[in-house]
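Enquirer: A single structure is presented below for examination.
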Amino acid sequence: MLRVAPLRDAACGDSAGQGARLEARTTAMQLLFACTLVPLSTAPAGAQNPDKQSFEVIEHGRYMATAADCTACHTEPGGKPFAGGGALETPFGVLLAPNITPDVATGIGGWTDDEFVNALRNGIGHGGIHLYPAMPYPYYTKMTREDVVAIRAYLDTVEPVRNEVHANQLPFPFNQRETMVGWNEFYFNPGDFRPDPGKSEEWNRGAYLVQGPEHCGLCHTPKNVMGGDENGQAVQGSVLQNWYAPNITGNRRVGIGDWTVEDIALYLKTGRNRYDIASGSMADAVTHSTSHLTDADLRAIAVYLKDQPSGGGELAQPVSLQDQTMQRGQTIYNNQCVACHSAGGDGIVGLFPRLSGTPLVQQAQATSLIRVVLEGSSAVATDGAPTGPAMPAFALQLSDADIAAVLTYIWGNAAAPVSAGDVSDMRQALHRAAQAS
């Protein structure tokens, strides 16, 4: 389950707007949307207004803030925790993650609990400003008030930091938050999570996490030109910020249909299983978020996902092994890839991902593989799997045509060929992103 990051209005900012972490599609009418994996612990019983001085409530909020990956969005590299300021260059301009420490002047210290809840569940921030759907309130709306107030209770205990962040630095017309009123009319359906009485308590817990706090669909569901979810293709895969968030339906060829409940839970806990190793933004999510979840929550997520129907994954015409590009790719693979991934593409479980016949290399797009070959990849290292293997970058050693050939060879068992133009486009996109940072 590759977690990737579209343009994100980071969770609940003040100081003239919300911050951002992720990317959105680029059309004149398009709005901003986001994705970050936001798991949640088992919520303690409590009233609609839990005692924010209670250790149990604060600890629950700490767990939730960690699970929601708040640090990654709101802590600038080298900066104070939750003080904001991290920049993201997007096709629309720059967005900054806001300060969510309890500083009154520049953080959320002056917010009421109702304002905090309204931001997360309804997309209305301090002072009545409209948040971009990049802050995933269309999903957070399903969160209970108790859970949201617990997050606030924990944030009230962190060090206040005076750090004024002007989050919304987008150019006109994208900086006009009033446009969110119309967007909400079409794409926002407020309301609490409703459990399915025909399913188990564990299944419903997983459904709550996936549909609400984790907002998995925000990454893995394709978007329309307005940034709204294509609900008819829920979690069937989507390209975001030069990564491909893969199909996580029950499809056996491109989804997680062959993964067991244990495979899914292990992947979320350690960032690896017998099929795949987390990279990119998903590696960050595992590091800062899912690896800290309880085993019960991980299993609940896995039980729910395993029950989802198969979707997407139409079979492409394989490329003939006699094709010149395939032969060129095979030569490059034998010279550059065999040592880690083996001649048959079996890899080494827990160290180097398997490439033969897995969803990793049978997705609808080669976006993630192109990126990994160009810039390399560092696997996640967690307490459960402390060795984080790395793949070197091949951007300097291999030409666009070489990379296209080797990926076509890897990809060609069940997917369309990769072109040199595809690789060139990714190379340029990564160059622009590096310059922006």
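Enquirer: Among F116, F174, F55, which one shows the highest mean-square fluctuation when the chain is modelled as a Gaussian network with alpha-carbon springs under 10 Å?
Expert: Per the Cα network of the chain with a 10 Å cutoff, F55 tops the list.
Enquirer: Farthest toward the dipole's positive end in the chain, which of T382, G109, Y132, given Cβ charges of +1 (Lys, Arg) and -1 (Asp, Glu) about the Cα centre?
Expert: Comparing the listed Cα positions along the dipole, T382 ranks first.
Enquirer: Is it possible to state the helix-based mean residue ellipticity at 222 nm for the chain, with each DSSP H run of 4+ residues giving -39500 (n - 2.57), the sum divided by total residues, to the nearest 500 deg cm²/dmol? What is it?
Expert: -10000 deg cm²/dmol
Enquirer: When the Karplus curve 6.51 cos²θ - 1.76 cosθ + 1.60 is applied with θ = phi - 60°, which whole-Hz ³J(HN,Hα) does each residue of the range 69-84 get, with x for Gly and Pro?
Expert: Calculated HN-Hα couplings, in order: 6, 4, 4, 4, 7, 9, 10, 5, x, x, x, 6, x, 6, 7, x Hz.
Enquirer: Also, I was wondering about something else. Could you tell me which residue out of G257, Q362, V161 lies farthest along the dipole of the chain toward its positive end? Charges go on the beta carbon: Lys and Arg +1, Asp and Glu -1, centred on the Cα centre.
Expert: Ranked along the dipole, the leading option is Q362.
Enquirer: Something else about it: If amide H atoms are built 1.01 Å from N in the plane of the peptide, which residues on other chains or at least 5 residues away come under 5 Å of the amide H of I124?
Expert: The list, which skips near neighbours in sequence, is A119, L131.
Enquirer: Per-residue HN-Hα couplings for the range 258-268, Karplus 6.51 cos²θ - 1.76 cosθ + 1.60 at θ = phi - 60°, whole Hz, x for Gly and Pro?
Expert: 8, 6, 8, 4, 5, 4, 5, 4, 5, 4, 5
Enquirer: Picking from G125, G232, G257, which is most flexible by a Gaussian network model of the chain using Cα springs under 10 Å?
Expert: In this elastic network of the chain, the residue with the biggest mean-square fluctuation among G125, G232, G257 is G232.
Enquirer: Using the beta-carbon distance between D113 and E178 and R0 = 30 Å, what value does 1/(1 + (r/R0)^6) give for FRET efficiency, to the nearest 0.05?
Expert: About 0.70, to the nearest 0.05.
Enquirer: Using the Karplus equation 6.51 cos²θ - 1.76 cosθ + 1.60 (θ = phi - 60°), what ³J(HN,Hα) coupling, rounded to whole Hz, does each residue of the range 294-303 give in order, writing x for Gly and Pro?
Expert: 5, 4, 5, 5, 4, 5, 4, 4, 5, 4
Enquirer: Starting from 0.36 nm per residue, how many nanometres of slack lie between E164 and V338 once their C-alpha separation is accounted for? Show your work: numbers first, answer last.
Expert: On the way: separation 174, 0.36 × 174 = 62.64 nm, distance 5.08 nm.
Stretched fully, the E164-V338 segment lengthens by 57.6 nm.
Enquirer: Just to be sure I understand the model, the point goes 7 Å from the Cα along the line to the Cβ. What's the resulting Q397 to Q428 distance in nm?
Expert: 2.7 nm
Enquirer: Taking H placed 1.01 Å from N in the peptide plane, check which residues at least 5 places from S377 or on another chain put their amide H under 5 Å from its amide H.
Expert: M391
Enquirer: Right, another one. Which order do you get for I129, I277 if you rank them by accessible area with a 1.4 Å probe, largest at the top?
Expert: Result, largest first: I129, I277.
Enquirer: Specify the angular offset, from 0 to 90 degrees and rounded to the nearest 10, of the alpha carbon long axis of helix 55-67 from the longest principal axis of the alpha carbons in the chain.
Expert: 30 degrees
Enquirer: Moving to a separate point now. Show which aspartates and glutamates lie in cross-link reach of K306 when reach means a straight Cα distance below 13 angstrom and same-chain residues fewer than eight apart are skipped.
Expert: Within the straight-line cut-off, K306 pairs with E202, D258, E262, D263.
Enquirer: Please work out how much accessible surface D258 shows to a 1.4 Å probe, ignoring ligands, DNA and RNA, in Å² rounded to 10.
Expert: The accessible area of D258 comes to roughly 60 Å².
Enquirer: Leaving out ligands, DNA and RNA, and with a 1.4 Å probe, what % of the accessible surface on the chain is carbon or sulfur? Before the final figure, lay out each step's value.
Expert: Numbers: 9470 of 17950 Å².
The value for the chain is 53 percent carbon and sulfur by accessible area.
Enquirer: Please name whichever of P98, N273, P197 sits farthest to the positive end of the charge dipole of the chain, dipole taken about the Cα centre and charges placed at Cβ: Lys and Arg +1, Asp and Glu -1.
Expert: N273
Enquirer: Using a 1.4 Å probe on the protein heavy atoms only, what accessible surface does W203 show? Give it in Å² to the nearest 10.
Expert: Ignoring ligands and nucleic acids, W203 comes out at about 40 Å².
Enquirer: I need the shape label for the range 93-212. Rule: rounded when a/c is under 1.5, else prolate if a/b > b/c, else oblate, with a, b, c from the alpha carbon gyration tensor.
Expert: Oblate, since a/c reaches 1.5 and b/c is not below a/b.
Enquirer: Hey, another quick one. Could you work out how far apart the two model spin labels at E314 and S200 are, taking each label as a point 7 Å from the Cα in the direction of the beta carbon, and quote it in nm?
Expert: 3.6 nm
Enquirer: Quick one: accessible area per residue over the range 285-389, 1.4 Å probe, rounded to a whole number of Å²?
Expert: Normalised by residue count, the accessible surface of the range 285-389 is 49 Å².
Enquirer: Dipole of the chain, Cα-centred, from +1 at each Lys and Arg C-beta and -1 at each Asp and Glu C-beta, to the nearest 20 debye?
Expert: Details: 29 positive and 44 negative charges, 142 e Å.
Rounded to the nearest 20 debye, it is 680 debye.
Enquirer: For the range 199-250, which trypsin sites (Lys or Arg not before Pro) are both in a DSSP coil and crowded by at most 16 other Cβ atoms within 10 Å?
Expert: K199
Enquirer: Skip the ligands, DNA and RNA, and give the accessible area per residue of the range 189-273 with a 1.4 Å probe, whole Å².
Expert: Accessible surface, normalised per residue, equals 37 Å².
Enquirer: Checking the table K142/K199; K223/K269; K52/K269; K52/K142; K52/K80 against a 25 Å threshold on Cα-Cα, which pairs fail?
Expert: As for pairs spanning more than 25 Å Cα to Cα, those are K223/K269; K52/K269.
Enquirer: Using alpha-carbon positions, what is the distance between the centroids of the range 293-358 and the range 360-437, in Å?
Expert: The range 293-358 and the range 360-437 have Cα centres separated by 13 Å.
Enquirer: Would you please give the FRET efficiency between A420 and D51, computed as 1/(1 + (r/R0)^6) with r the Cβ-Cβ distance and R0 = 56 Å, to the nearest 0.05?
Expert: 0.35
The values are calculated or read from the model by the stated rules, or taken from the named source; none is laboratory data. None of the values given here were measured: they were computed from a predicted structure. Every residue, glycine among them, receives a Cβ derived from its backbone with ideal geometry; neighbour counts consider all protein chains shown. All accessible areas refer to the heavy atoms of the entire protein, side chains included, with ligands and DNA or RNA removed. Shrake-Rupley method; radii C 1.70, N 1.55, O 1.52, S 1.80 Å.
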